[in-house]
Amino acid sequence: AQSVSQHNHHVILSEAASLELGCNYSYGGTVNLFWYVQYPGQHLQLLLKYFSGDPLVKGIKGFEAEFIKSKFSFNLRKPSVQWSDTAEYFCAVEPGSARQLTFGSGTQLTVLP
Amino acid sequence: EAGVAQSPRYKIIEKRQSVAFWCNPISGHATLYWYQQILGQGPKLLIQFQNNGVVDDSQLPKDRFSAERLKGVDSTLKIQPAKLEDSAVYLCASSLAGASTDTQYFGPGTRLTVL
């Protein structure tokens, strides 16, 4: 079975700082990769996803993620965070052959104004 | 477009009691998912329906949890009897057809506290 690790449980940044959240997964086959975000008081929503092709994927609100197959990683990045990016971020993986999402434990991002 | 609806939003019960949660997916979405999210963890898939059939219930504790989607639209998840460790947020999600390219849309969740 696949598993997902998010090593940063809580990240605190000032506005305009750059962001990188780590995500590593364990699964030997083809995978689909996702980042979900949950803003305070809101539902989980999809930030970006990778299925195939260009390993650098761009999502909403200026976020991007890079799939590095050799490192089993799918790190999330944003060059300049805003206060409104304060949220919990979840990385998720599913085997390419089955629709079974496995989520990481999440990273709480706090952006100070 | 209306989102995924869930009720109730909050529920407090005592251990060994029964509880049921309701989910109404986005109109036209064939696939429905129930997740359990324990505090400090990511969501864990409990069961997946495709229309009114079960696709995956491998992580559903079947001795106490049950779920149904009789008409292929809304769904209920039941816990009977509840244990302390069932305290969690129960999330419902839906997607158009269940293909890996389909986005899962999540509801607001039901926060269950078992005393």
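The values are calculated or read from the model by the stated rules, or taken from the named source; none is laboratory data. Keep in mind that this is a model prediction, so the values were computed, not measured. So basically every Cβ, Gly included, is an ideal-geometry build from the backbone, and we count neighbours across all protein chains shown. Just the protein is used for accessible areas: all its heavy atoms, side chains included, with ligands, DNA and RNA removed. Shrake-Rupley method; radii C 1.70, N 1.55, O 1.52, S 1.80 Å.
Summary of computed values
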| item | result |
| --- | --- |
| Solvent exposure ordering (accessible area, 1.4 Å, most first) of B:Val54, B:Val114 | B:Val54, B:Val114 |
| For the protein assembly as shown, projected area of the alpha-carbon convex hull averaged over all directions, nm² | 12.5 |
| Inter-label distance, nm, simple model (7 Å from Cα along the C-beta direction), A:Gln108/B:Lys78 | 3.6 |
| Count, lysine Cα pairs under 17 Å in the stretch A:3-112, 8 or more residues apart or across chains | 6 |
| For the stretch A:49-70, residues shielded by at least 30 square angstrom of accessible area compared with the chain on its own, probe 1.4 Å | A:Lys49, A:Phe51 |
| Anisotropy class of the stretch A:3-112 from Cα gyration tensor, a/c 1.5 cut | prolate |
| Accessible-area ranking of A:Thr110, A:Thr30, largest first, probe 1.4 Å | A:Thr30, A:Thr110 |
| Gaussian network model of chain B, springs between alpha carbon atoms under 10 Å - residue of B:Ser66, B:Ser27, B:Ser58 with greatest fluctuation | B:Ser58 |
| Accessible carbon and sulfur surface of the stretch A:3-112 relative to its total accessible area, %, 1.4 Å | 53 |
| For the stretch B:107-114, 3J(HN,Hα) per residue [Karplus equation, 6.51 cos²θ - 1.76 cosθ + 1.60, θ = phi - 60°, Hz, x = Gly/Pro] | x, x, x, 10, 8, 9, 10, 10 |
| Inter-label distance, nm, simple model (7 Å from Cα along the C-beta direction), B:Ser27/B:Asn52 | 2.1 |
| Shielded residues, the stretch B:79-115 - accessible-area loss of 20 Å² or more between chain alone and all protein chains, probe 1.4 Å | B:Ser100, B:Thr101, B:Thr103, B:Gln104, B:Phe106, B:Pro108 |
| Spatial separation of Cα centroids for the stretch B:31-61 and the stretch B:71-115, in angstrom | 7 |
| Per residue accessible area in Å² of the protein assembly as shown, where ligands, DNA and RNA are left out and the probe is 1.4 Å | 48 |
| Simple spin-label estimate for B:Ile12 and A:Glu20 in nanometres, 7 Å along Cα-Cβ | 4.5 |
| Table column - 3J(HN,Hα) (Hz), the stretch B:73-82, Karplus curve with 6.51, -1.76, 1.60, x for Gly and Pro | 10, 7, 9, 10, 10, 10, 10, 7, x, 7 |
| Length gained when the stretch A:Ile12-A:Phe51 is fully extended (0.36 nm per residue, less Cα-Cα span) | 11.0 nm |
| A/B buried area, accessible surface, summed, 1.4 Å probe, Å² | 1500 |
| Of B:Lys15, B:Lys71, B:Lys44, the one that fluctuates the most in a GNM where chain B has Cα springs shorter than 10 Å | B:Lys71 |
| Magnitude of the charge dipole, the protein assembly as shown, Cβ model with Lys/Arg +1 and Asp/Glu -1, debye to 20 | 400 |
| Sequence of B:Asp63, B:Asp57, B:Asp102, B:Asp86 when ordered by accessible area, the most exposed leading, probe 1.4 angstrom | B:Asp63, B:Asp57, B:Asp102, B:Asp86 |
